Amino acid sequence: MTDLVIRPLADDETSAPFHSLPDPGVVGRALLPSPHDRFETVAAGGEYRPEWTWLAFRGDTVVARVAYWGSENDASPKALDWFDFTDREAAVALLRATPFDAEYELVLPPGWREDPAALAAAEARIEAATEAGYRTLTERFRYVWTTECGLPENPGRLEFRPEPDDGAVFDVLRRIHSDTRDHHALRAIAKHGPDGAAQEEMDFINWLPSGRETLRLAYTPEGALVGIQIPGQNPAGACVGLIGVVPEQRGHSYGYDLLAECTHTLVAHGAKRIAAATDVGNSAMAASFARAGYPIAQHRYCMTVD
């Protein structure tokens, strides 16, 4: 067998070697709307840096590829977006060789386990990533609301107030994480403790291009804190940045109220398409998305390496 050569794209290299790998497009970024379904380097007007894009060659043939993503201000990648191969051994070696530990979020069609082609493609990537040192963190529903879905009814049960004090926001996030089933939050708590997990959320809020301008805390008419919602803008567009209800207020379907308010705010700021996500196991939040008219656009399989 020809020796394996692993290297990043050169700064002046086109995307042609990356695209030379056959890809049937049944899983992965090909399922996303344009332009996010296409790999292009920053120099060609795309989202990907050559030094974060690595290829495995046997001779002149690309047999595995990875591409990591981060915003223009990020010093290291935020996500592993592309992981495809025709040679499993090369794929495992490639993942092990890249000097990054960003989360791998595999994009899958809804009902992918009932689709033989999608199931086979997904399992191949999951098994190769596992062999390379990744582990399954969670599975998530990815939602996309558009104006055709119609605005959800806003119950008007809560009052929404801006909160300029970072300390007050941090305290709310810490209270939410004190009793959570969100697997990303649980991982952060296990690694950094409750304060570290809350700080990760603060860092995410500050990372969003929209910042904290639209952040609102929610209260009952009597003044009791209910939770937090952040209508955000990420690099791909409008998104539900964060929805969280403090533990003592759960069981009243307030997650829906926060989501409805978030949606109305984003639409008032011109959004025609809103992305959102929640863990598959979060049945209460999934019910809120369904009630608010958010259809499931994709299934996401999330893997991490520690």
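The values are calculated or read from the model by the stated rules, or taken from the named source; none is laboratory data. This structure is a prediction, so every number in the text was calculated from the model and none was measured. FYI the Cβ positions are ideal-geometry reconstructions off the backbone, even for glycines, and counts take in every protein chain you see. For accessibility, only protein heavy atoms count, side chains too; no ligands or nucleic acids. Shrake-Rupley method; radii C 1.70, N 1.55, O 1.52, S 1.80 Å.
Here's the yes/no breakdown for (1) surrounded by 15 or more Cβ atoms within 10 Å (Cβ to Cβ); (2) free of Cβ contacts under 8 Å to residues at least 24 places away in the same chain; (3) among the acidic types (Asp, Glu):
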site: Phe39; (1), (2), (3): yes, no, no
site: Ser76; (1), (2), (3): no, no, no
site: Asp84; (1), (2), (3): yes, no, yes
site: Val92; (1), (2), (3): yes, no, no
site: Pro99; (1), (2), (3): no, yes, no
site: Glu103; (1), (2), (3): yes, no, yes
site: Leu106; (1), (2), (3): yes, no, no
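Could you pull out every one of the strands (runs of 3 or more DSSP E) wholly within the stretch 1-108 that has 3 or more residues that are under 18 Å from Met303 (Cβ atoms)?
61-69, 79-85, 103-108
Can you tell me which condition Ser20 does not meet? The list is (1) surrounded by 19 or more Cβ atoms within 10 Å (Cβ to Cβ); (2) among the small types (Gly, Ala, Ser); (3) at pLDDT 95 or above, and all the others hold.
Here Ser20 clears every test but (1).
Considering the stretch 180-190 alone, what residues qualify as being free of Cβ contacts under 8 Å to residues at least 12 places away in the same chain and assigned to a helix (DSSP H, G or I)?
Across the stretch 180-190, the qualifying residues are Leu186, Ala190.
Would you tally the residues in the stretch 93-122 being under 22 Å from Gly133 (Cβ atoms) and out of contact with any His (no Cβ under 7 Å at 6 or more places or on another chain)?
Final tally of qualifying residues: 17.
Kindly list the number of the only condition in (1) among the β-branched types (Val, Ile, Thr); (2) free of Cβ contacts under 8 Å to residues at least 40 places away in the same chain; (3) surrounded by fewer than 22 Cβ atoms within 10 Å (Cβ to Cβ) that fails for Ile230.
(3)
Go through the stretch 260-276 and give me each residue that's under 19 Å from the mean Cα position of the chain (by Cα) and open to solvent by 30 Å² or more (accessible area, probe 1.4 Å).
Arg273
Any idea which of Leu32, Leu55 is surrounded by 14 or more Cβ atoms within 10 Å (Cβ to Cβ) and modelled with pLDDT under 95?
That would be Leu32, the only listed residue that is surrounded by 14 or more Cβ atoms within 10 Å (Cβ to Cβ) and modelled with pLDDT under 95.
Please work out which residue is surrounded by the most Cβ atoms within 10 Å (Cβ to Cβ), limiting yourself to the stretch 277-306 and to residues that are β-branched (Val, Ile, Thr) and farther than 18 Å from Gly28 by Cα.
Thr278
Restrict the check to the stretch 268-277 and report whether at least one residue is within 20 Å of Asp179 (Cα to Cα) and either in contact (Cβ under 8 Å) with a residue 12 or more places away in the chain or among the aliphatic types (A, V, I, L, M) (or both).
There is at least one residue in the stretch 268-277 that is within 20 Å of Asp179 (Cα to Cα) and either in contact (Cβ under 8 Å) with a residue 12 or more places away in the chain or among the aliphatic types (A, V, I, L, M) (or both).
Quick one: is Thr130 closer than 21 Å to Thr278 by Cβ, touching a strand residue (DSSP E or B) at 6+ places or on another chain (Cβ under 8 Å) and open to solvent by 60 Å² or more (accessible area, probe 1.4 Å)?
Taking the combined requirement at face value, the residue does not satisfy it.
Trp145 is checked against (1) open to solvent by less than 60 Å² (accessible area, probe 1.4 Å); (2) assigned to a loop (DSSP other than H, G, I, E, B) and fails just one. What number does that condition carry?
Answer for Trp145: the failing condition is (2).
Can you pull out the residues in the stretch 200-227 that are open to solvent by less than 60 Å² (accessible area, probe 1.4 Å) and assigned to a loop (DSSP other than H, G, I, E, B)?
Within the stretch 200-227, Leu208, Ser210, Gly211, Thr214, Leu215, Thr220, Gly223, Ala224 qualify.
For (1) part of a loop (DSSP other than H, G, I, E, B); (2) within 23 Å of Asp203 (Cα to Cα); (3) out of contact with any His (no Cβ under 7 Å at 6 or more places or on another chain), each residue gets a yes or a no:
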| residue | (1), (2), (3) |
| --- | --- |
| Val240 | no, yes, yes |
| Glu248 | no, no, yes |
| Tyr256 | no, no, yes |
| Tyr294 | yes, no, yes |
| His299 | no, no, yes |
| Asp306 | yes, yes, yes |
